[in-house]
Amino acid sequence: MFKKILVANRGEITVRIIRACREMDIRTVVVYSDADRCALHVRYADEAYGIGPAPSVESYLVGEKIMEVARKSGAEAIHPGYGFLSENYRFARLAREAGLVFIGPPAEAMESMGDKVQARRRMLEAGVPLVPGTPPLEDLDEARRLIAEIGYPVILKPSAGGGGKGMRVVQKEEELASALDGTRSEARSAFGDDTMYAERYVTKPRHVEIQVLADNHGNVVHLFERECSIQRRHQKIIEEAPSPFITEETRQAMGQAAVEAARAVDYSGAGTVEFLVDEKQRFYFLEMNTRLQVEHAVTELVTGVDLVKMQIHVAAGEPLPYRQEDLRLEGAAIECRIYAEDPDNDFLPSPGKIVALRVPGGPGIRDDIGVFEGYEVPLYYDPLVSKLSAWGRDRAEAIARMRRALQEYVVEGIKTNIPFHQRILREPAFLAGDFDTRFVDERFLPREKGRPPEDPERAVIAAAILAYWAEERAALKPPAGSDRETSAWARAGRRDATRRWGG
């Protein structure tokens, strides 16, 4: 087993990984930017090293700086957490070349599943159900021909995209030309790659994902599903396990499909296979996230499996201690992502100093937090404050405990989306499990209902944030004549920049 692990991340996920390492008697090393000098993960770790200015493209996304810290500190392995470089296959290769163990899947598996077009091809070969779609679209004439074969409506997706960025629904052929132009432009700006494809648009879809674990000895298991349909503009905000919608038969079929997906790319470690599920419980492969998920806590609560520890054991070469028949669902769990944002002002980011903080507790409550009273929430990164989870003997008890915990949660000095969660958790349709991925957008977001004109103050703040994004994207532009490998490395930074505030 490792004696020292470097965690190449920040915030609550780094604190979560440190806690697992402490229970395993492993020393931890962390990195921090100038903005995170006094952050919670820095306080928790055994060793901490500065790696540069606040913008992530100058610190957390610079793989060479992280490798230098690993060399200095004597770390034997690197855990990337999620976000930043966690799904960058070049970073995984860089770690391997430096003689370090990357606590995640092989770089080859990450590369295969990181490109959505290539991932679809691999899943088709493995027999995993796919939404009818197209190969990469070269021009408008080809797009018209290929989309006519699968039928409208369709959704256009950037091949290198993530987090819902650049996706557009096209209801009919007359909308295709402008949608193609818009998607290409946004994909080029956000990811440095305007390759796109189309999929048939599944109406009233559920977003359900399967957690998988694989070792380096050929063993693969699934840890059942997470329901992730409560989303705000394609961004998950509430997750739960098990899904209140799917049947046991569908659960087993999806689990087996996820296992086959992992086997198809020689996967190892923890990963998540995401599916769209229609009203008749037909499910289709969406993508595979080759890392630990933000919402992993709900799976841990209903299975009793510590996913972070399992990642470390697998990376150390140990076989999985579970067979599929050993795994059981116990009760129900739900997670609310607590963000520093103002739900009454179109979810505008709310950086600033936390002047008072009271974290909820009591039966069945878990709070994975990355802040403290007196902490200054920075502008530069994802505004996640904490992940609040509740477990109950059934879904009703888990929801009741979550509502109680949200009432107890006090965060003063910044705005949070806690009131927004409270509204959702009292909505009759949510309580009945009757929702799809459009539930929040259609019922709660003012933009979908005809938002009134922006007030001047909000417009000024929004313009400042957009200007910041523009500067970061300009800094990320690959040098003239750069090859695909260099562009892929830069795209990881672009992906981070666009996801930072829930994009």
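The values are calculated or read from the model by the stated rules, or taken from the named source; none is laboratory data. Just so we're clear, the structure is a prediction, and the values are computed from it rather than from any experiment. Reconstructed Cβ throughout: ideal geometry from the backbone, glycine too, with neighbour counts over all protein chains shown.
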The condition from (1) in a loop (DSSP other than H, G, I, E, B); (2) of a type in the set (D, E, K, R); (3) buried (at least 19 other Cβ atoms within 10 Å of the Cβ) that residue 157 misses is numbered (1)
Given (1) in a strand (DSSP E or B); (2) free of Cβ contacts under 8 Å to residues at least 24 places away in the same chain, identify the lone condition not met by residue 252. (1)
What pairs come up if the first residue lies in region 30-43 and is not assigned by TED's automatic domain parsing to the domain that holds residue 11, the second is in a strand (DSSP E or B), and their beta carbons are under 7 Å apart, counting only those six or more places apart or on different chains? none
Within region 54-73, does at least one residue satisfy the condition of being in contact (Cβ under 8 Å) with a residue 24 or more places away in the chain, in contact with a Phe, Trp or Tyr (Cβ under 7 Å, 6 or more places away or on another chain), surrounded by fewer than 20 Cβ atoms within 10 Å (Cβ to Cβ) and charged (D, E, K, R)? no
Note down all Cβ pairs under 8 Å where the first residue falls in region 418-442 and is on the phi < 0 side of the Ramachandran plot and assigned by TED's automatic domain parsing to the domain that holds residue 247, the second is surrounded by fewer than 18 Cβ atoms within 10 Å (Cβ to Cβ) and assigned to a loop (DSSP other than H, G, I, E, B), and they're at least six residues apart or on different chains. 420/444; 423/444; 424/444; 436/204; 437/234; 438/204; 441/233
What are the pairs, 6+ residues apart or on separate chains, where a residue within region 340-351 that is farther than 13 Å from residue 381 by Cα has its Cβ under 6 Å from a residue that is acidic (Asp, Glu) and buried (at least 21 other Cβ atoms within 10 Å of the Cβ)? 347/341
Report, by residue number, each residue of region 66-83 that is at pLDDT 95 or above, closer than 26 Å to residue 380 by Cα and in contact with a helix residue (DSSP H, G or I) (Cβ under 9 Å, 6 or more places away or on another chain). 66, 67, 70, 78, 79, 80, 81, 82
Can you tell me how many residues in region 386-414 are touching a residue at least 60 places away in the same chain (Cβ under 8 Å) and in contact with a Phe, Trp or Tyr (Cβ under 9 Å, 6 or more places away or on another chain)? 4
Count of residues meeting criterion [surrounded by 23 or more Cβ atoms within 10 Å (Cβ to Cβ) and touching a strand residue (DSSP E or B) at 6+ places or on another chain (Cβ under 7 Å)] in region 91-115: 7
